[in-house]
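The values are calculated or read from the model by the stated rules, or taken from the named source; none is laboratory data. Here the structure is a predicted model, which means the values were calculated and not measured. We place every Cβ from the backbone using ideal geometry, glycine too, and count neighbours over all the protein chains shown. Quick note on the areas: whole protein, heavy atoms, side chains included, nothing else; ligands and nucleic acids left out. Shrake-Rupley method; radii C 1.70, N 1.55, O 1.52, S 1.80 Å.
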Amino acid sequence: MSKESENCELGIFGGGYVGLVAAAGFASVGHRVVVFEVSDEKLQLLNAGKVPFFEPGLEELVKNGISQKLLSFEKATLDRLQEHLPRLQGLLLAVGTPSLPDGRTDLSYLDSVIDLLLKVPQSLEGKILVSKSTVPVGTGERISKRMIEGGKPVAVASNPEFLRQGNAVYDFLKPERIVIGTENVEATEWLRKLYAPLVANGAPLIEMNLRSAELLKYAANAFLATKISFINEISQLCERVGADIQQIHRGLATDSRIGSKFLNAGVGFGGSCFPKDLSSLIHQGEAFSLAMSLTKSTQEVNRRQRLWAFERLQKVWNNDFRGKTIALWGLTFKPNTDDMREAPALSLISRLIETEASIKAYDPQGMGEASRLLKDPLKRGHLQLMKSPQEAVEGADALIILTEWAEFEKMNLSDIKVLMRSPLILDGRNVFSSQQPLKNSEIQYYGVGLPSASA
Ligand SMILES: NC(=O)c1ccc[n+]([C@@H]2O[C@H](COP(=O)([O-])OP(=O)(O)OC[C@H]3O[C@@H](n4cnc5c(N)ncnc54)[C@H](O)[C@@H]3O)[C@@H](O)[C@H]2O)c1
């Protein structure tokens, strides 16, 4: 921490992916942070220095924060909050903002924090209330209004989070940009102080108004999702015309205006952010009579792309799945996380269990989540969770790869082939597309947008 930096005292509501990474990250640069969480189960783990989910490097940061007495965890109740409140300058909101069934944003978790703050007997004057949660445009103003009406005016700001799960610790400490969105001078000054250690390490800080910061987060996610759906749509055309998406990728990526990231064809995007943020953006546009056609198309292409492997199997097996065993490698929405929220694997599994095939799945980190989310197919025997990638492919008629875990990339396909009943591989992330043994082997191999998958 630089000499000029001052330590801040803050409370963070929500000890999930964003709240916990931010809390441990701020503690690591010298700030004192208390996390308010509702889940007793999570609190029990956190107080023992354990992280309730898989995120590389996070547990070490949490343990360090606890041992330096800069990081603590409390139940999000009125008495716990009241006890800490006098010394807290900033209150950060990092609770979930999932989709409602109609696609709009569910702000009930956020509202419950505001309800709690309104119950506090003391004044909140001088406190800064900051949303790190992704919220629809206008939410900050709505919070401010509620606080004023409840007799507890506070300065409100938006500070959207751009970390990537799986790289979250690095992204938090070395962000490509920090965004502060507020018209309030005290909030700006406090947030500048909070981020001073990261800015001193080279992170650019961008200041803007509250509404722009709220919208920026949706714009960033919608743009990235659109890049993915774009390349996936081109990959569909590749399969029809006999072109190669990886050659096209090389040609596109060398154009600095386009770039290489988020431009790999695959079985579509998932996760806790892109799907819900696209739906929310569409609703936000429609509330102002704007059709948001591009965002809708991005969603539509993604819905179809998630079933790429299923449609391929329908063709290869002539729609006859009877007696077939299908191995799945990868259940999480991307590697280096245990998060299965909106994972393409969930769409594929729910389609496959409508057939008479049985599924054997393996994921390096997602097995706990899978047993929680897929109770029904597990109970009915449609799905089995296996202990290793080899166990999953044993006796299988097809192997589908859904997540590009490094563990899978290292596999030798000749070894896999001998374990399978019939060596059919549908590589939904093109992890094996350049493996030499494929060329002359008896493996029937299909990658996304590759000539082998041509109609
Ligand atoms: N996960 C990501 O990669 C990511 C990245 C950027 C932004 N975001 C945004 O950050 C927000 C949080 O996402 P997340 O993935 O960390 O969610 P999460 O579900 O992992 O964590 C939310 C936490 O808030 C807790 N909580 C709920 N109500 C509470 C209350 N009243 N008081 C205290 N705690 C409460 C929950 O128990 C949970 O632990 C969302 O708006 C999301 O869109 C997420």
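Go from 0 up to the bin containing the longest alpha carbon distance in the chain, width 20 Å each, and give me the % of pairs per bin.
Pair shares across the bins are 23, 51, 24, 2.
Distance between the C-alpha centers of segment 125-189 and segment 252-330? Whole Å please.
When both Cα centres are located, 30 Å separates them.
Solvent-accessible area per residue for segment 225-380 at a 1.4 Å probe radius, Å²?
47 Å²
If you place +1 on the Cβ of every Lys and Arg and -1 on the Cβ of every Asp and Glu, how big does the dipole about the Cα centre of segment 1-146 come out, in debye to the nearest 20?
200 debye
Show the residues, 5+ positions off or on another chain, whose built amide H is closer than 5 Å to the amide H of GLY447.
It is ASP427, SER452, ALA453, by chain and number.
With r as the distance between the Cβ atoms of LEU294 and ARG146 and R0 = 25 Å, compute the FRET efficiency 1/(1 + (r/R0)^6) and round to 0.05.
0.15
Report the relative contact order of segment 341-455, percent, no decimals, based on alpha-carbon pairs under 8 angstrom and at least 6 residues apart.
Relative contact order of segment 341-455: 20 percent.
Sort 363-373, 267-277 by the packing proxy (mean of other Cβ within 10 Å over each peptide's residues), most packed first.
So the peptides 363-373, 267-277, ranked by packing, come out 267-277, 363-373.
Given Cα pairs under 8 Å that are at least 6 residues apart, what percent is the relative contact order of the chain?
Here the relative contact order equals 12 percent.
Quick one: 3J(HN,Hα) in Hz for segment 350-355, Karplus 6.51/-1.76/1.60 with θ = phi - 60°, rounded, Gly and Pro as x.
5, 6, 5, 6, 6, 8
Within segment 217-248, which residues have the backbone N less than 12 Å from the label spot 7 Å out from ILE258 along Cα→beta-carbon, could you tell me?
230-232, 234-235, 245-248
Counting Lys +1, Arg +1, Asp -1, Glu -1, what net charge surrounds MET367 among other residues with beta carbon under 15 Å of its beta carbon?
Residues close to MET367 contribute a combined charge of -2.
What residue among LEU215, LEU78, VAL156 has its Cα farthest toward the positive end of the dipole of the chain, where the charges are +1 on Lys, Arg and -1 on Asp, Glu, each on the Cβ?
LEU215
I want to make sure I understand the PRE zone here: with the label point 7 angstrom from the Cα of GLU125 toward its beta carbon, which residues in segment 79-112 have backbone N atoms less than 19 Å away?
85-91
Over its Cα atoms, what ratio of radius of gyration to 2.2 N^0.38 Å does segment 330-408 give?
This ratio for segment 330-408 stands at 0.99.
Using just the helices of the chain, give the 222 nm mean residue ellipticity in deg cm²/dmol: DSSP H runs with n ≥ 4 each add -39,500 (n - 2.57), and the total is spread over all residues, rounded to 500.
Value at 222 nm, helices only: -13000 deg cm²/dmol.
Can you run phi through the Karplus equation (6.51, -1.76, 1.60; θ = phi - 60°) for segment 291-297 and list ³J(HN,Hα) in whole Hz, with x for Gly and Pro?
6, 6, 4, 5, 5, 5, 5
Find out how many positive minus negative residues lie around GLN236, taking Lys and Arg as positive, Asp and Glu as negative, among other residues whose Cβ is under 15 Å from that of GLN236.
Every neighbour counted, the sum reads +1.
Could you go through segment 154-165 in sequence order and give the Karplus-derived ³J(HN,Hα) for each residue, using 6.51 cos²θ - 1.76 cosθ + 1.60 with θ = phi - 60°, rounded to whole Hz, and x for Gly and Pro?
Computed from phi, the couplings for segment 154-165 are 9, 7, 10, 9, 10, 9, x, 9, 10, 5, 9, 4 Hz.
Of all DSSP beta bridges located in the chain, what percent are antiparallel, nearest 5?
Percentage antiparallel, nearest 5: 5.
Using amide H atoms built in the peptide plane, which far-off residues or other-chain residues are under 5 Å from ALA155 H to H?
GLY126, LYS127, LEU129
Please list the non-local residues whose amide H lies under 5 Å from the amide H of SER99, H modeled 1.01 Å from N, same-chain partners needing a gap of 5 or more.
Amide H neighbours of SER99, under 5 Å, 5+ apart: ASP106.
Note down the magnitude of the dipole of the chain about its Cα centre, charges +1 on Lys and Arg C-beta and -1 on Asp and Glu C-beta and zero elsewhere, to the nearest 20 debye.
Roughly 340 debye for the chain.
State the volume of the convex hull built on the alpha-carbon positions of segment 254-294, expressed per residue in Å³ and rounded to an integer.
Residue-normalised Cα hull volume stands at 104 Å³.
Provide the gained length on full extension for the span LYS75 to ASN201, in nm with one decimal, where the gain is 0.36 nm per separating residue minus the Cα-Cα distance.
Going from the current span to full extension adds 42.0 nm.
Taking the alpha-carbon set of segment 16-67, what are its Rg and Dmax in Å?
Expressed in Å, the Cα Rg and Dmax of segment 16-67 come to 9.9, 27.
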